[in-house]
Each structure stands twice: as C-alpha cells, then as structure tokens.
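First up is the structure itself, then whatever we jot down about it.
Read the figures in this text as sums done on the coordinates, not as results from a lab. Quick caveat: nothing in here was measured; it's all calculated off a predicted structure. Cβ sites come from the backbone with ideal geometry, for glycine too, and all protein chains shown count toward neighbours.
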C-alpha cells in the first residue's frame with residue numbers, strides 16, 4: 001500500500017524558541033553588516049541606475065553572444081552586457097556611462113557600429129544619463145518602501161499591530177540582507193534586482209501570514225499556555241507546509257539560475273537568498289518577536305480556557 005512521503009515527520013516538536021535570543025542576535029548582526037556594506041562598499045549599479053547606452057541590433061542570423069561580447073569588450077568602452085531580445089537574431093547591447101559627456105557617448109556608439117559592420121540592422125539607440133538613473137534609484141526605494149508599508153498595514157488590520165510590527169521588521173531584514181549580499185558579491189544591481197526584492201518581500205510575508213494565522217488560532221485555543229509554547233506549537237504545525245513550499249520554489253529558482261543565462265543570474269540569486277532568509281526570519285524574527293509583546297486582547301479572558309498541560313496532551 002502506498003504511503004505518503006513526509007519531509008517533516010508528523011507531531012514534530014522542535015524547540016525553536018529555546019534559541020530565539022541567539023537567532024535574533026544573528027539576524028540583527030546580518031542586518032547591521034548589510035547596512036555597513038552598503039554604506040562603505042556600495043552597490044555595483046547597472047545601466048538602469050548608473051546611466052549608460054542601450055542599443056537594439058538585429059543580425060541576419062543568430063549571433064554567437066560569447067564571441068560578440070569578446071569583440072566588443074576590446075573597444076575600451078567598459079563592461080559590455082548582451083541580451084537576446086524577442087528572438088535569437090535580436091540583441092540588446094548595454095554600455096556603461098562614458099566620461100566626457102554626450103560626445104563620448106556618441107564616440108562609443110560609433111565604435112560599436114564600426115566593429116559590428118554594416119550587416120546589422122540598428123533598430124534603436126538610447127542613452128540614459130546619470131540624472132535619470134538617480135530618479136530611478138529614488139523610485140525603486142519608494143516602491144520598496146510603499147510595498148512594505150502596505151504589507152504592514154494589511155497584517156495589522158488582518159491580525160493585530162503586534163503581528164504587523166514583527167512582519168515589518170522581518171521584511172526589512174530580508175530586503176536589507178538581500179541588498180547586502182549584492183554589495184558583498186559585487187553583483188550588478190538593476191531594475192530586475194528591484195523586481196526580485198519586491199518578490200522576496202511578497203513571498204516572505206506570505207510565509208509569515210501562514211504562521212501568524214496558526215499562532216493566533218492557538219493563542220485563542222490555549223489561553224493559559226505560555227507564549228513560547230504557543231509559538232513552538234504553531235511553527236511546528238506549519239513546518240511541513242513551509243518546507244514543501246520553500247523547497248519547491250527553490251527548485252524552480254535554481255533551474256532559472258542554471259538555465260536562464262547570465263542576464264537572469266542576479267534576479268535568480270536574489271530570489272534564492274530571499275526564499276532562504278525569509279524562512280529564517282519567519283521563525284527567528286516574526287514569530288519569536290511576539291514573545292516580548294502583550295497579547296491579552298488577542299487571547300481574551302482566561303476564564304474557561306483550556307489548561308496548557310491538557311492542551312499539550314490533546315495535541316500530542
């Protein structure tokens with residue numbers, strides 16, 4: 001007879017809250033370290049933010065991007081980024097901002113045209129100045145900030161301000177450490193990375209809402225049970241769902257990293273890190289943070305409540 005496979009055994013009882021101070025301290029250190037990396041090392045901004053040149057060109061037949069990148073890299077115009085666009089014959093060429101103003105940009109464009117030759121169809125050429133890049137940085141920060149505020153408001157209204165506050169802190173941790181990872185590794189930070197960070201924030205809060213829902217349910221069910229036991233019980237009850245969901249999502253994102261090409265590497269790395277660290281922050285920040293807050297209004301009157309010992313027996 002076929003038996004279901006359990007990644008997490010039923011009735012698992014891991015004492016997560018036993019080490020909550022240590023894991024919370026690690027999260028704080030990671031967040032402060034990421035802020036330090038951003039301040040002192042900075043980010044490797046892509047053309048979207050730093051400014052540069054974008055050219056859309058089409059060849060009679062599908063070009064060899066590796067060979068094409070090698071040819072253009074020898075022109076002395078900085079790091080060249082190539083990306084197939086729409087069909088294999090069309091390529092987007094990205095060049096960094098050239099020093100020397102508009103004449104320098106036109107010189108770089110002329111070098112690329114000369115190198116590629118007349119057999120190409122030059123469909124469009126755009127230049128992004130540093131002012132436009134600065135505005136995109138502000139808009140990206142605003143988008144991330146508004147997204148987190150909106151999620152905080154939803155969790156507050158849906159549950160209570162205690163849950164909303166911890167969800168916000170956990171999301172800040174996830175977003176800041178993702179930015180810190182890009183600073184540490186020197187990965188290119190562009191609009192695709194911003195999209196990945198917003199995806200991480202949404203994915204992270206989805207996991208937290210599931211755990212919060214279980215915590216609130218158990219708080220009302222076992223009103224005299226110590227809060228640490230309620231959180232442990234809730235996290236263990238949702239551990240199977242968390243493991244399966246995160247695992248399947250990671251498989252998809254890892255496939256995207258391996259087979260998606262160089263252009264998607266930054267996007268995939270941000271998601272891989274965000275999914276992993278988001279699961280950690282759910283337990284070590286969002287859930288454990290509830291230990292230090294009052295919950296009398298959520299738990300209600302203790303009269304008629306089940307005894308914590310009896311509740312533990314009932315759940316075993």
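Against the chain, whose longest principal axis comes from its Cα atoms, helix 130-158 is set at around 20 degrees.
For the chain, the relative contact order is 24 percent, taking Cα pairs closer than 8 Å that sit 6 or more residues apart in sequence and dividing their mean separation by the residue count.
Helix 265-281 axis versus longest C-alpha principal axis of the chain: approximately 10°, rounded to the nearest ten. In the stretch 70-92, whose amide N lies under 11 Å from the spot 7 Å out along Cα-to-Cβ of residue 122? List them in ranges. Counting backbone N atoms under 11 Å from the label point, the list is empty.
Once the piece of chain linking residue 240 and residue 206 is laid out straight, how much longer is it, given 0.36 nm per residue of separation minus the C-alpha distance between them? Could the numbers behind the result be given before it?
Details: separation 34, 0.36 × 34 = 12.24 nm, distance 1.50 nm.
In short, 10.7 nm is gained.
Descending by average beta-carbon neighbour count within 10 Å, the peptides 162-171, 32-41, 87-96 line up as 162-171, 87-96, 32-41, the highest first.
Per-residue ellipticity at 222 nm, computed for the chain from helices alone with -39500 (n - 2.57) per DSSP H run of at least four residues, works out to -21000 deg cm²/dmol. With the cut-off at under 14 Å, measuring from each backbone N in the stretch 226-253 to a point 7 Å along the Cα-to-Cβ line of residue 14 picks out 232-247.
As a proxy for reagent exposure, ranking 215, 277 by other Cβ atoms within 10 Å from fewest up yields 277, 215.
Using the alpha carbon gyration tensor of the stretch 52-128, what are the three equivalent-ellipsoid semi-axes (square root of 5 times each eigenvalue), largest first, in whole Å?
On the way: eigenvalues 79, 31, 25 Å².
Working from the Cα gyration tensor, I get semi-axes of 20, 12, 11 Å.
Computed from Cα positions, the angle between helix 227-259 and the longest principal axis of the chain comes to roughly 20 degrees.
Which of the three applies to the stretch 240-291, rounded, prolate or oblate, going by the alpha-carbon gyration tensor with a ≥ b ≥ c and a/c under 1.5 meaning rounded? Each step should come with its number before you reach the end.
Numbers: a/c = 6.30, a/b = 2.12, b/c = 2.98.
Oblate shape, in that a/c is at least 1.5 and b/c is the bigger or equal ratio.
Expressed in Å, the radius of gyration and Dmax of the Cα atoms of the stretch 128-184 are 14.4, 45.
In terms of the Cα gyration tensor, with a ≥ b ≥ c the square roots of its eigenvalues, is the stretch 22-162 rounded because a/c is under 1.5, prolate because a/b exceeds b/c, or oblate?
Because a/c hits 1.5 or more and a/b exceeds b/c, the stretch 22-162 counts as prolate.
The alpha carbon centroids of the stretch 214-259 and the stretch 18-57 are separated by 26 Å. Go ahead and run the numbers for FRET between residue 29 and residue 135, Cβ-Cβ distance against an R0 of 35 Å, rounding to 0.05. Plugging the Cβ-Cβ distance into 1/(1 + (r/R0)^6) gives 0.55. Note on log10 I(q)/I(0) by the Debye sum over Cα atoms at q = 0.07, 0.09, 0.10, 0.14 Å⁻¹: of the candidates (i) -0.22, -0.37, -0.46, -0.94; (ii) -0.40, -0.60, -0.69, -1.06; (iii) -0.58, -0.69, -0.75, -1.14, the value calculated from this structure sits at (ii).
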